[in-house]
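What follows is a short report on a single structure.
The values are calculated or read from the model by the stated rules, or taken from the named source; none is laboratory data. As the structure is a prediction and not an experimental result, all values here were calculated from the model. Don't worry about glycine lacking a Cβ; one is built from the backbone with ideal geometry, like all the others, and counts go over all protein chains shown.
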Amino acid sequence: MASEEDIARSEMRLNYESAMRFADTIIKAGLTLNGGALVALPAFAALFRVDPTRATCLIALGAGFLICGLLASTAVAGLGYFGATLAEQRDGHRVGQAQAEAHKFMEAAQAAYRDSAATHNKVVLYRTLAAVAGFSSFLFFVLGVGFGGWALMGFAGTLPN
């Protein structure tokens, strides 16, 4: 039969793996959406015969938003990794606390509890920032495509023959 420590370590591993899958999914989606739109923007500008000198500001603004979306997607990966690492550290403090309490080492248990609480606050912060960065990536995608589409549709057919 598995001990409490083995169960706690198994839960820690599952938490870490789920956080890494979340970050992996967000970064793939964000990079695919923003990167694909960034590559497609000049291709559509050529297809619709847009005069780049007349639409420079809108195209640059759209590309800038898409680049910000790429950076936000990358931030999600970093924040997800650090959040998962801190969650694993927090859970390690909790295991240490349980072991100290079991052996009646109250000072060590209280120290482990304080470390666990402080680390938990950092975990919540990193996860919140990762969610905000993921939403920002999508928002930048929408803004980038909006301004890029406005440039393409507003100046379609303006390239001289």
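What to note about this one:
- Residue match in region 120-139 (condition: more than 30 Å from Pro160 (Cα to Cα), more than 22 Å from the chain's Cα centre (by Cα), at pLDDT below 85 and not aliphatic (A, V, I, L, M)): no
- Any hit, region 130-138, residues being assigned to a helix (DSSP H, G or I), of a type in the set (Ser, Thr, Tyr) and exposed (fewer than 15 other Cβ atoms within 10 Å of the Cβ): no
- Leu70 fulfils the conditions (1) surrounded by 18 or more Cβ atoms within 10 Å (Cβ to Cβ); (2) closer than 30 Å to Pro160 by Cα; (3) modelled with pLDDT of 90 or more except for a single criterion, (2).
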